[in-house]
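Working notes, beginning with the structure itself.
Since every read-out is calculated from the coordinates, none of them should be taken as a lab result. Please read all numbers here as calculations on a predicted model, not as lab measurements. Here the Cβ positions follow ideal geometry from the backbone for every residue, glycine too, while neighbour counts run over all protein chains shown.
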Amino acid sequence: MAEEKADGSLVFHPLDQFIVKPLFGDGAVGVFTITNATLWLAIAVLAIVALFVMGTKKRDIVPGRSQSVAELFYSFIYKMVEDVCGKEGAKYFPYIMTLFVFILFSNYLALLPMSFSPTSHIAVTAILGFGVFIVVTVLGFVLHGATFLGMFWMKDAPAILRPIIAVIEVISYFVRPVSHSIRLAGNIMAGHAVIKVFAGFAAIAAIAPVSIGAIMAIYGLEILVCGIQAYVFTILTCVYLKDALHPHH
Amino acid sequence: MEGDIALLGKFIGAGLAAIGSGAAAIGVGHVAGNYLAGALRNPSAAASQTATLFIGLAFAEALGIFAFLVSLLLMFAV
């Protein structure tokens, strides 16, 4: 991959790994083209299905390996939803669980060499982020009607400040889906790009050992970041959901 | 030494935007440091606050990621 060009610069670019390519042939990418993104999204979904089908097949009192992993995810997310949103939040647990396992699995599958990372694309994370935004906003209006707008009107603030705070609150409410989706995509993309930048340095013999050590260190960091970002996306979904369920606290 | 002034401006702008990543690093360090200081004073309350810690880290870090994104946009999209 890393052969040098005549002017000494490397041929591969750190961001080349994010190019969406058709899997079969090399035509243009249309709406229904099977691309590498489609492949890795499908692998993530199949891995999740396999884990939970295997995990819930036997339902032993003393869980086996796959069952204890499935139970670990289930109880972790259930506790998070209950802690943040309260008992009423448990109704929306399946949605949050789906988001968490999907993001976690696509993050971790993207760490395999030669794989493609769907969550590094804002197109993927924006669908998830704006989906949460729309669900939460609609839910707030369905549950509380127009009083949901009271969330923006701080009753404890001094009367003069209230309109200003309301404007700021409205802006921050509409920035939420943007930051929610860009945080995930940006973190994953930045991590993978940094690994590729160090991989580019590995072609220069003098600093190759240092660069390979750095790749290993950053890979370790990425394993941490992938888990944390899935956790953060999920817990922020819970926080936004809590705002829709109890807008007046 | 040749090239156009627009390219120069793009790269200087991208470099300046990357300062934001460093600022976010300060913010993340503050959040984690203060959490640790609080957790060592009252270890029994620490476990219940890890969710808040991660939310705080995420908010501080998001702005650094925005800066990184701006520098990427300047380099490749503008």
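Here the label points at residue A:21 and residue B:77, each 7 Å from Cα along the C-beta direction, are separated by 2.4 nm in the simple model.
Please report the net charge: other residues with Cβ closer than 14 Å to the Cβ of residue A:228, K and R +1, D and E -1.
Details: positive: A:183; negative: A:222, B:61.
My count for the surroundings of residue A:228 gives -1.
Using the beta-carbon distance between residue A:246 and residue A:194 and R0 = 30 Å, what value does 1/(1 + (r/R0)^6) give for FRET efficiency, to the nearest 0.05? Present the calculation step by step, with values, prior to reporting the outcome.
Details: r = 40 Å, r/R0 = 1.34.
The pair residue A:246/residue A:194 has a calculated efficiency of 0.15.
Taking 0.36 nm per residue of separation and subtracting the Cα-Cα distance, full extension of the segment from residue A:208 to residue A:154 would add 13.7 nm. What the Cα convex hull of region A:119-179 gives, in volume per residue, is 83 Å³. Relative contact order of region A:1-149, taken over Cα pairs closer than 8 Å and 6 or more residues apart, is 18 percent. Where does helix B:19-41 land angle-wise versus the long Cα axis of chain B, in degrees 0 to 90, nearest 10? Once rounded, one gets 10 degrees.
Kindly state, to the nearest 0.05, the FRET efficiency for residue B:26 paired with residue A:90, given R0 = 51 Å and r defined as their beta-carbon distance. Mind showing how you got there, number by number?
Working: r = 38 Å, r/R0 = 0.75.
FRET efficiency, residue B:26 to residue A:90: 0.85.
Under 5 Å from the amide H of residue A:35 lie the amide H atoms of A:23, each residue being 5 or more positions distant or on a separate chain, with H modelled from the backbone and absent for Pro and chain starts.
For the pair residue B:19 and residue B:48, label points projected 7 Å from Cα toward Cβ lie 4.3 nm apart. In region B:5-76, the ratio of gyration radius to Kirkwood radius, Rg to Rh, stands at 1.23 when only Cα atoms are counted. With each label modelled as a point 7 angstrom along the Cα→C-beta vector, the residue A:170-residue A:68 pair spans 5.4 nm.
Using a cut-off of 14 Å between beta-carbons, work out the net charge of the residues near residue A:186 (Lys and Arg +1, Asp and Glu -1, residue A:186 not included). That works out to -1. Each 10 Å bin from 0 upward holds the following percent of the Cα-Cα pairs of chain A: 6, 23, 28, 22, 13, 6, 1. Can you give me the angle between helix B:5-17 and the longest principal axis of chain B, using Cα atoms only, in degrees from 0 to 90, rounded to the nearest 10? On a 0 to 90 degree scale, this one is about 10.
Within chain A, what is the number of lysine pairs with alpha carbons under 21 Å apart, leaving out pairs fewer than eight places apart on the same chain? Lysine pairs meeting both conditions in chain A amount to 8. Relative contact order, whole percent, for chain A stands at 24, derived from Cα pairs under 8 Å and 6 or more residues apart.
Count the net charge of all other residues whose Cβ sits under 14 Å from the Cβ of residue A:70, scoring Lys and Arg as +1 and Asp and Glu as -1.
Cβ neighbours under 14 Å give a net charge of +2.
Which FRET efficiency value, to the nearest 0.05, do you get for residue A:58 and residue A:98 by plugging their Cβ-Cβ distance into 1/(1 + (r/R0)^6) with R0 = 22 Å? Don't skip to the answer; put the middle values down first.
Working: r = 23 Å, r/R0 = 1.05.
Efficiency computed from Cβ-Cβ geometry: 0.45.
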